[in-house]
Amino acid sequence: MIATIKDYLLTVLVRAIIGYVLFLFFLLVIFVGYIVISDWASAVNFITGLTDNGFAKIVVWLPLVFSLFKADARASNETKKFYKQTEHFFEMYDTTGGKW
């Protein structure tokens, strides 16, 4: 039992680290792009305004929250059944004949 909990917490820690590294990489790409498109002062003002934003404080916690859950590569039978029902539901009400 303890070994399972330890393995889970280690997996969560690794996923969180990978998530934050990717998050920082995307922020760095946006920052460099902002410097290229605009100038340094505008980029610093943009990042300063972003860090003072309340929504950004929530977004910072998302990699940690996402690391707590495992995304299965294979869908369960209930998920496949739900997708099939949804697909048939939209086919039933499709008035364009599948041409969007």
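The table for this structure:
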read-out: Accessible heavy-atom area order of PHE23, PHE55, highest first, probe of 1.4 Å; value: PHE55, PHE23
read-out: Solvent-accessible area of TYR34 with every protein chain in place, 1.4 Å probe, in Å² to the nearest 10; value: 80
read-out: Area accessible to solvent at LYS70, 1.4 Å probe radius, in Å²; value: 150
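The values are calculated or read from the model by the stated rules, or taken from the named source; none is laboratory data. The structure displayed is predicted, hence computed values, not measured ones. In case anyone asks, the SASA skips ligands and DNA or RNA and just uses the protein heavy atoms, side chains included. Shrake-Rupley method; radii C 1.70, N 1.55, O 1.52, S 1.80 Å.
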